[in-house]
Amino acid sequence: IGSKNELAARCKLHELKTSCVNNSAEPSHGQLMPSLLASLLCNTVPVPSEAELPESLTDWNLTLEEPDDKTQDCSICLTPLAERCARTICGHFFHFECLERNFQASGRASCALCRSVLRGPLTVQARSSSRRPIEVLRTVPGSGARCHLDRDYRFLLLGDFRQKANTYYVMTSNDDKRTPASEVMWTLETTVATTVYLNFRSEEHTSKTGVNVWLTDQGWERAHMASTVSTGVPSGLYWGPVYKRRFPAGQVELMGSNCSLGAYFVFVEVEDMTEGL
């Protein structure tokens with residue numbers, strides 16, 4: 001017994017032959033095939049559509065690709081990776097529906113195996129020493145947008161960052177705020193030269209926490225820029241000094257905030273990649 005499509009085709013063939021016999025004429029290929037093909041294509045043969053990423057994953061760094069090893073299982077649902085698969089930038093394979101469900105459940109745009117961030121610009125990527133969530137946004141947040149991944153604090157004003165071109169925002173976890181000033185809190189990996197801006201919560205955030213020591217030792221300079229203004233606890237509104245430093249492509253280590261009021265904000269200005277072309 002054939003497939004449903006084959007059975008439908010045979011039925012249609014029989015129907016056409018019967019019709020021709022009743023009319024005392026044997027059907028020719030010219031009479032039979034157009035009608036048969038039209039029936040099959042329009043009524044019984046579904047035209048397969050190409051797999052597409054769910055809308056929530058369209059800005060992720062993924063490619064639609066199946067693993068060479070057909071016995072490999074998805075690490076999320078533990079079923080074979082036979083179809084509707086995606087390859088992450090870190091080289092792991094999942095069903096893309098599994099990635100979407102994992103993101104909906106965890107809120108993390110990261111690989112379920114190695115925790116690499118799967119969303120954001122490829123020129124700037126970030127990781128936290130604590131392994132708490134961290135993500136690079138392709139644009140500066142707007143007024144009313146969240147400041148952190150793990151708090152509902154909001155930006156009220158973006159200061160001089162509001163219309164700054166070629167600038168990303170590093171959305172961090174505020175629970176990293178107590179990282180000692182002597183330890184690396186976050187690390188950026190960049191493929192182009194950048195200028196990194198650190199926006200602190202207040203003047204005391206730099207002067208009473210030991211942060212001013214690493215700012216001075218590492219060559220950060222105070223920028224004459226209007227600060228962001230954000231909500232928070234317990235003071236309600238926060239704003240403070242902005243420091244900047246230019247880095248060549250490579251690794252950028254950002255030291256501990258060491259402040260109970262919150263972690264500083266990080267903006268990354270990317271140099272024009274077309275300059276000099």
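The values are calculated or read from the model by the stated rules, or taken from the named source; none is laboratory data. For clarity, every value in this text was computed on a predicted model and none was experimentally measured. All Cβ positions, glycine included, derive from the backbone under ideal geometry; neighbour counts span all protein chains shown. Only protein heavy atoms, including side chains, enter the accessible area calculation; ligands, DNA and RNA are left aside. Shrake-Rupley method; radii C 1.70, N 1.55, O 1.52, S 1.80 Å.
Solvent-accessible area per residue in segment 172-260 equals 44 Å², computed with a 1.4 angstrom probe and all protein chains kept. Estimated at the nearest 10 Å², the accessible area of Glu269 is 50 Å² with a 1.4 Å probe.
Quick check: residue separation of Thr79 and Tyr153 times 0.36 nm, minus the Cα distance between them. What number comes out in nm? Show your work: numbers first, answer last.
On the way: separation 74, 0.36 × 74 = 26.64 nm, distance 3.97 nm.
My answer for the length gained is 22.7 nm.
The chymotrypsin sites (Phe, Trp or Tyr not before Pro) found in segment 106-202 that occupy coil by DSSP, while having at most 16 further C-beta atoms within 10 Å, are Tyr153.
Counting other Cβ atoms within 10 Å, which trypsin sites (Lys or Arg not before Pro) in segment 153-261 have at most 13 and lie in a DSSP loop? Intermediate values should be presented prior to the final figure.
Values: sites: Arg154, Arg162, Lys164, Lys177, Arg178, Arg201, Lys208, Arg222, Lys244, Arg245, Arg246; in loops: Arg162, Lys164, Arg201, Lys208.
Filter output for segment 153-261: Lys208.
Using bins of 10 Å that start at zero, the share of Cα-Cα pairs per bin across segment 49-184 amounts to 11, 35, 31, 16, 5, 0, in whole %.
Our note on the geometry: Cα centres of segment 108-165 and segment 204-277, 14 Å apart. The charge dipole of segment 133-277, taken about the Cα centre with unit charges on the Cβ atoms of Lys, Arg (+1) and Asp, Glu (-1), comes to about 420 debye, rounded to the nearest 20.
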